[in-house]
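First the structure, in the form of structure tokens, and then the observations on it.
All of the numbers you see were taken from the coordinates with simple rules; none came from a lab. Just so we're clear, the structure is a prediction, and the values are computed from it rather than from any experiment. Positions of Cβ are backbone-derived with ideal geometry, glycine not excepted, and every protein chain shown enters the neighbour counts.
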Amino acid sequence: MYRIRFHGRGGQGVKTASRILGTAFFLSGFEVQDAPRYGAERRGAPIFAYVRADRRPIHERGVIRDPGLVLVADETLVAISAASVLEGVGARTAFLVHSGEETQTWRDRLDLAGPVVTLPVAGPHGEGLEARYVGAACAAAAACLAGVVSLGAVEEAVREELEGLADEVIARNREHARWAYGLMEPLRGCVEPDPAHPAGPIPPPGWVELPFEDARVSAPATHAGVTSTLVKTGLWRTVRPVIEHARCRGCWWVCGSLCPDGVIGVDEAGRPWIDYDHCKGCMVCLSQCPNRAIDAIPERDARGAESAGGEK
Ligand code: SF4
Ligand code: SF4
């Protein structure tokens with residue numbers, strides 16, 4: 001059985017990658033499971049998706065704990081333990097990371113026993129791989145590394161899964177799929193199928209039964225109003241809302257009222273400001289501002305401007 005896990009952030013095509021790969025396996029005669037798993041609900045939050053494929057019926061259920069291949073669409077997730085990118089990575093697990101760094105750097109950094117490979121962020125034309133094509137590229141890379149799914153099946157799967165989008169968009173996704181598949185040719189087939197786990201009774205968990213307690217007693221921190229300030233959820237953000245004060249009319253701070261995380265405050269001069277440590281980049285504020293006073297800036301550009309001494 002092939003067990004493949006994709007990690008990324010909401011909006012990065014991780015779900016699309018698992019759908020394309022699952023369909024490509026199916027077109028190649030495999031039984032397939034493919035499913036995304038969301039944690040937090042916002043764009044930019046870590047998510048993962050997984051694919052199981054086997055020639056025989058699949059009886060396993062649930063998330064994959066012992067992957068044969070892990071693909072990471074966003075390299076920053078590797079360092080975030082809560083994203084569980086390295087969970088279950090074993091001696092035979094192949095690891096692919098979408099990164100601008102050299103493959104050898106990742107091999108040295110991770111020190112994994114299995115193969116480590118990178119999907120360059122430069123993309124097929126050296127201009128940067130757009131986020132909307134990362135899913136197709138990762139799916140194609142996984143197909144080649146598994147070695148049992150042809151490029152033709154991947155291209156057909158892209159067409160099926162993206163049906164309804166413009167022909168040009170589908171063509172560009174197929175182009176990126178061909179590029180990624182070709183890049184992985186030297187390691188074609190490096191992912192070996194592992195035996196299916198035998199079906200059988202689930203062993204009882206090794207927990208200790210505790211008497212029931214009201215959650216406000218047993219887990220007060222979960223109910224404390226300050227919980228979110230302890231977790232810098234701003235790390236999830238891929239796009240940063242920036243208030244353009246010249247256009248802001250101080251309209252009773254619609255943005256602050258509607259921000260689902262309550263991270264927009266108002267300073268003494270009556271100007272709204274955003275707590276970027278905790279803003280998750282959902283862009284509710286941008287869509288609700290009646291004066292179009294909030295711009296969306298790619299997080300990477302905003303951080304670049306900060307480090308160059310610019311404004312937030
Ligand atoms: S909703 Fe827009 S105009 Fe109103 S306070 Fe917020 S940024 Fe300013
Ligand atoms: S400030 Fe805007 S983008 Fe950030 S969490 Fe609030 S509504 Fe979402």
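Please say if segment 94-140 is rounded, prolate or oblate, where rounded means a/c under 1.5 for a ≥ b ≥ c the square roots of the C-alpha gyration tensor eigenvalues, and otherwise the choice is prolate for a/b larger than b/c and oblate otherwise?
Oblate shape, in that a/c is at least 1.5 and b/c is the bigger or equal ratio.
Once you keep just the Cα pairs under 8 angstrom separated by 6 or more residues, what percentage relative contact order results for the chain?
Taking the mean separation of contacting Cα pairs over the length of the chain, I get 17 percent.
How do 240-247, 170-177, 281-288 rank on mean C-beta neighbours within 10 Å, highest first?
170-177, 281-288, 240-247
Any idea what the relative contact order of segment 231-307 is, in percent, if you count C-alpha pairs under 8 Å spaced at least 6 apart?
So the answer I get is 45 percent.
With the crude spin-label approximation of a point 7 Å out along Cα→Cβ, what separation in nm comes out for H125 versus D301?
Reported label-point gap for H125 and D301 is 1.8 nm.
DSSP loop (so not H, G, I, E, B), at most 15 other Cβ within 10 Å: list which GluC sites (Glu not before Pro) in segment 116-171 pass both filters.
When the GluC sites (Glu not before Pro) of segment 116-171 are filtered for loop state and at most 15 Cβ neighbours within 10 Å, E127, E130 remain.
If you average the C-alpha positions of segment 237-254 and of segment 56-132 separately, how far apart do those two centres end up, in angstrom?
Segment 237-254 and segment 56-132 have Cα centres separated by 36 Å.
Would you be so kind as to identify all helices of the chain, as entire DSSP H runs, whose Cα atoms reach 30 Å or more along the helix's own axis and whose mean Kyte-Doolittle hydropathy is at least -1.0?
Length and hydropathy pass: none found.
Can you compute the FRET efficiency between R292 and R92 using 1/(1 + (r/R0)^6), with r the Cβ-Cβ distance and R0 = 51 Å? Round to the nearest 0.05.
Once the sixth-power term is evaluated, E becomes 0.45.
Is segment 18-159 rounded, prolate or oblate when judged by the Cα gyration tensor, a ≥ b ≥ c being the square roots of its eigenvalues, rounded requiring a/c under 1.5 and prolate requiring a/b larger than b/c?
rounded
Using only the alpha-carbon atoms, what does segment 1-53 span along each of its principal axes? Please give whole angstrom values in decreasing order.
For segment 1-53, the Cα extents along the three principal axes come out at 35, 16, 12 Å.
Can you give me the Kirkwood hydrodynamic radius for segment 1-91, using every pair of distinct Cα atoms, in Å to one decimal?
It works out to 13.3 Å.
What are the extents of the Cα atoms of the chain along their three principal axes, in Å, largest first?
65, 60, 41
Compute all pairwise cysteine Cβ distances in the chain, then list the cysteines with no distance under 4.7 Å to another cysteine.
C138, C144, C190, C248, C251, C259, C279, C282, C289
What whole-number distance in Å separates the alpha-carbon centres of segment 1-32 and segment 271-304?
Between the Cα centres of segment 1-32 and segment 271-304 lies a distance of 32 Å.
Sort all Cα-Cα distances of segment 231-307 into consecutive 10 angstrom bins from zero, then give the percent of pairs in each bin up to the one containing the longest distance.
Here the calculated profile for segment 231-307 is 20, 55, 25, 1.
Along the Cα→Cβ direction, 7 angstrom out, place labels at A269 and H197. What is the inter-label distance in nm?
5.8
What's the longest bit of the chain with no exposed chymotrypsin sites (Phe, Trp or Tyr not before Pro), using DSSP loop states and at most 12 other Cβ atoms within 10 Å as the test?
Formally, the longest exposed-site-free interval is 1-206.
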